[in-house]
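Laboratory data are not the source of any read-out in this text; all were calculated from the coordinates shown. Model, not experiment: these values are computed from the prediction. All Cβ positions, even for glycine, are placed from backbone atoms using ideal geometry, and neighbour counts span all protein chains on display.
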Amino acid sequence: MVQGRMVFNVHVFNNASNEIVMKAEAEVEQPPTAYLFCGQGSQEKGMGMTLYDNDEAAREIWDRGDRYLLDRYGFSVIDVIRQNPSKLTVHFRTAKGRRVRENYLAITRRVVENGREVQVPIMAGLTPESESYTFHNPTGLLFSTQFAQPAISLMNLAEMARLESRGLVQSDATFAGHSLGEYSALAACAGILSVEDLIALTFYRGVVMQNMMDGDTTGQTDFSMVAVNPSRVKKDFTQESLIILTKQISSTMGLLLEVVNYNVYQQQYVCAGHLQALWLLGKVCDHLANDTRAGTDTPEALLEIVQRHEPAARSQKAPVQLDRGKATVPLLGINVPFHSSYLQGGIDTYREYLKDKIKEEKIDPLRLVGKFVPNVMGKPFSVQKPYVEDVARVTGSRVLQQMLESWA
C-alpha cells in the first residue's frame, strides 16, 4: 500500500523459456476513507500500550510526547496510562524541579485586580515557594482532564503513525475529531501541530478547564455530562422537547444544564451541567418513557414533571451517583461541563495561547478545504464568505465578525 492505494506488481512470463517478458506496476485507488479521532471519555487504563510494545512508529510518537511532559512538567504520561494512579506528586526541590515549577506557574489566566487586568497562576495552591504539587482523582488520574487530554491525543497520533508507516493513509481523505480529537486530526492529517506542540496545547487546555472547576481535595467536582437519546424517551419527544426540558430543569434548580452536543438528529445529544440537574434529567426522561399517555411532552406537562421530581434531586448528596436510564447514559470519568457556557470565562486566555502554538506558516488551506469537518459546523471546511458567515452566526465570534466587516 502507498498512501492508501493498493499496489499491484505484474510479471508476465514466457511459458516456454520461463523468461520475464514484461513487468508492470499499478497503484489502485481504494474506496474513500474518513479518519475520525476520539475525544475525551474514550480513555481507559492501558490504552495504546500493546501498540507501544509492538509497533516502532507508534512507540516513537509515545516516547516523544512522554519525554516532553516529563521534562517540562515532571510526570510520565505513559506511567499514568499504565497505572492510572489516584495520586501523583511532582517534586520541585532540585534545580530541574524548580524549572518544572516555573513551567506550572507560567500557566496563567487573566483576572481583574484593583481595576486592572493581571495574569495569575491557574494551579490552585501552587506558589513560587512550593516544594511539591499533588494531583488527586479517586477514579484515577487518567480521568482527570489535564492528564486525559494529552494521553488521548498521543493515542490518536500513535494509531495514525502506525497506519502511515504501512502506507494505509489516503492523502486526500476527509477527517474530523470529536471535540478534543480535532487537535489530533489537525496535527495528523493537516500537519498544523508537531507532537510536542499538540501535547503542550492539550495539557494546557486540560489544566485550564480542570482548574475552572470548584473541586474538593480529591479532585471531585459537581459537574458531569450525560448522553441522551430522545427517541428512547417516547415517540413524540423531540430535539425541541429536550431543549425545553433542559431549560426548565436549569431554571427550576438554579443550576447549569445545557444541550452541548448535537451528534445525531433525534438519536444522540449530550447534556452538560451540575450533577443534581443531570440526575433530575435522567429521572424525568425515565418518567416520560414509562408514561404512555399523549400530551406529556408539552412545556406545561414537562414543567409539572420536573417540579414533581425536584425535591428528590435536591436531596441527592455529593458525590451524586448518575445511573444509566431508559434514554440517558452518563459519560464516566467526565467532571467538567465541556462545551457549556460555564467555560466561557477561559476563552480569551485560551485564544491567546492558541495564537502562540498554531503558527500561520504551518497552515496549508489545501489540506483543510473540503477535507476537514469541524465540530462547530458539521460540514467540510471552506474559506468562502458564506461559510465564514455561518461560523460567525453559530459561534457569535467577535473575531470573525470583525473579519467579515472588512471583507471586500
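Derived scalar couplings between HN and Hα for segment 244-251 equal 4, 4, 5, 5, 5, 5, 4, 5 Hz in order, rounded to whole Hz, by the Karplus curve 6.51 cos²θ - 1.76 cosθ + 1.60 (θ = phi - 60°), x for Gly and Pro. The residues V207, V80, V2, when put in order of fewest to most other Cβ atoms within 10 Å, stand as V2, V207, V80. Count neighbours as other Cβ atoms within 10 Å of each site's Cβ, and list the trypsin sites (Lys or Arg not before Pro) in segment 198-263 that are DSSP loop with at most 12 such neighbours. Hits after loop and neighbour filter: K235.
Taking only the C-alpha atoms of segment 37-211, Rg followed by Dmax gives 17.1, 59 Å. Electrostatic tally near G370: other residues with Cβ closer than 15 Å to its Cβ, Lys and Arg +1, Asp and Glu -1, net +1.
Basic side chains Lys and Arg get +1 at the Cβ, acidic Asp and Glu get -1 at the Cβ, and with that the dipole of the chain about its Cα centre reaches some 540 debye.
With contacts defined as alpha carbon pairs under 8 Å and 6 or more residues apart, what's the relative contact order of the chain in percent?
16 percent
Note on the chain: with a GNM built from Cα contacts shorter than 10 Å, the maximum mean-square fluctuation among R162, R293, R67 falls on R293. Fully extending the segment from M403 to I347, taken as 0.36 nm per residue of separation minus the present Cα-Cα distance, adds 18.3 nm. Between segment 1-48 and segment 58-77, the alpha-carbon centres lie 32 Å apart. In the calculated pair-distance distribution of the chain, the portion above 41 angstrom amounts to 25 percent of the Cα-Cα pairs. Counting other Cβ atoms within 10 Å as a rough exposure proxy, the listed residues M49, M155 run M49, M155 from fewest neighbours to most. In terms of surrounding Cβ atoms within a 10 Å radius of their Cβ, E360, E60 rank from fewest to most as E360, E60. Enclosing the Cα atoms of segment 223-334 in their convex hull gives a volume equal to 84 cubic angstrom per residue. Overall, segment 1-130 carries a charge dipole of about 920 debye about its Cα centre when +1 sits on the Cβ of Lys and Arg and -1 on the Cβ of Asp and Glu, all other atoms neutral. Note on segment 104-166 and segment 359-408: Cα centroid distance 28 Å, given to the nearest whole angstrom. A cut-off of 5 Å between modelled amide H atoms, ignoring neighbours fewer than 5 places along the same chain, links S224 with G273, L275. In terms of its C-alpha gyration tensor, segment 16-58 comes out oblate, because a/c is 1.5 or above while a/b does not outweigh b/c. Debye-formula intensities of segment 138-260, expressed as log10 I(q)/I(0) at q = 0.10, 0.13, 0.15, 0.18 Å⁻¹, are -0.49, -0.76, -0.90, -1.02 (one equal scatterer per alpha-carbon, no solvent). Remark: for residue pairs K87/K371; K96/K357; K45/K357; K87/K247; K45/K96; K87/K326, the C-alpha separation exceeds 31 Å in K87/K371; K87/K247; K87/K326.
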